[in-house]
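These notes are about the structure you will find just below.
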Amino acid sequence: MAQRLRELARAETMPQSEQADLADVVDRLRQRFPDAAIKADVCAGHGIAMSGETALIVLTHLTDNAVRHNASHIHIEARINAKDVVLTVANDGDPISPHNRERIFDAFFTTRRDSGGTGMGLAIVRAIMTSHGGNIILLPSSDGVGFVLRFPAASPDSPARTTSDLHHVTTPIHGCHDGDPSHNNSMPAR
């Protein structure tokens, strides 16, 4: 619990000058969840205006929630435009009840307190996204759970970098949606 409170406090005061390659972040997410079936349609080389470590915290909370709520598949898809990187993170886990949909981003709200849930994960995610000029919304769904995250795009004149400074992407990513066919790489689904 103390760790989550520290993450929330840092999320609200984080520096906004760091940048990361989203493909690198997804690669690191897969390393963190080796048993999760994570399929990604993300363009390598496109940056977000957030550090790689911070973006990994965001995606880790979403993935951890998905796994805890019986998801067997997680799909991450990025759409890129001049100002934003829009990321859809969806899973086939237990859907969120209509009654709970309005409360999921509230600090300390959890349906899993008896199994260790703190109710801080999605509050941290929202605080991080807001402090970096982005946002997160819950998609309407009666089948699984989906979120849309809007990250400000990295400055085009600065290379996207992670806090680990040039962490090598070991998994090619495919499905580039920016209209540039040179960015398309192939990647088997996991």
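Condition test on residue 127, is it small (Gly, Ala, Ser), touching a Phe, Trp or Tyr at 6+ places or on another chain (Cβ under 8 Å) and not in a loop (DSSP other than H, G, I, E, B)? Judged against the criteria, residue 127 is not a match.
Every residue, every condition in (1) touching a Leu at 6+ places or on another chain (Cβ under 7 Å); (2) at pLDDT 50 or above, yes or no:
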| site | (1), (2) |
| --- | --- |
| 75 | no, yes |
| 93 | no, yes |
| 101 | yes, yes |
| 133 | no, yes |
| 140 | no, yes |
| 152 | no, yes |
| 157 | no, yes |
| 172 | no, no |
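When residue 178 is tested against (1) at pLDDT 50 or above; (2) surrounded by fewer than 18 Cβ atoms within 10 Å (Cβ to Cβ), only condition (1) is not met. State yes or no: is residue 55 more than 24 Å from residue 31 (Cβ to Cβ), surrounded by 18 or more Cβ atoms within 10 Å (Cβ to Cβ) and modelled with pLDDT of 90 or more? Here the answer is no, as residue 55 does not meet what is asked. Summed over the range 24-45, residues that are closer than 17 Å to residue 84 by Cα and either surrounded by fewer than 22 Cβ atoms within 10 Å (Cβ to Cβ) or among the β-branched types (Val, Ile, Thr) (or both) total 5.
The values are calculated or read from the model by the stated rules, or taken from the named source; none is laboratory data. Everything quoted here is computed from the prediction, not taken from an experiment. Because the Cβ atoms are built from the backbone with ideal geometry, glycine has one as well, and the counts that use them run over all protein chains shown.
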